[in-house]
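For reference, the structure is listed below as structure tokens.
Derivation of every value follows stated rules applied to the coordinates shown; laboratory data play no part. As the structure is a computational prediction, the values presented were derived from the model and not from experiment. Note that we place each Cβ from the backbone using ideal geometry, even for glycine, and neighbour counts take in every protein chain shown.
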Amino acid sequence: MEEKTVFEKIIDREIPADIVYEDDKCIVIKDINPKARVHLLVIPKKKIPTLFDLTPEDKDLMGHMMLLLPQLAQAHNLDGFKTLINTGKSGGQEVFHLHIHLMGN
Ligand code: 5GP
């Protein structure tokens, strides 16, 4: 069996994380190495390594995560924010479990 990524271990509560939101489809944690005052990672519970691995059945899930972003920003008193999805090794991706960075100051 393939080795779990760090995010799967967090989802499965095998390693700790600062979890700020969770529902049946995704989990949101604070980045361990924040690049902004607020730096969150929105992570689907479904095991999807990169954007290249999305299928049409993931449309609802991706929409769900996009709609969460402004809600999370408002909950953290941000009136603006940046989002980032690193994709593939050459795209700067380090953890091969899809995630959306949300950053704001
Ligand atoms: P990537 O380059 O794959 O888009 O970014 C992975 C992000 O995950 C990095 O910003 C890194 O700081 C964060 N990260 C890596 N390991 C952990 C961890 O164990 N816990 C948390 N909370 N964040 C992590």
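Inclusion of residue 85 among residues that are of a type in the set (Val, Ile, Thr) and buried (at least 17 other Cβ atoms within 10 Å of the Cβ) is not warranted. Among the residues of the range 24-57, those that are more than 16 Å from residue 5 (Cβ to Cβ) and buried (at least 17 other Cβ atoms within 10 Å of the Cβ) comprise 28, 38, 39, 40.
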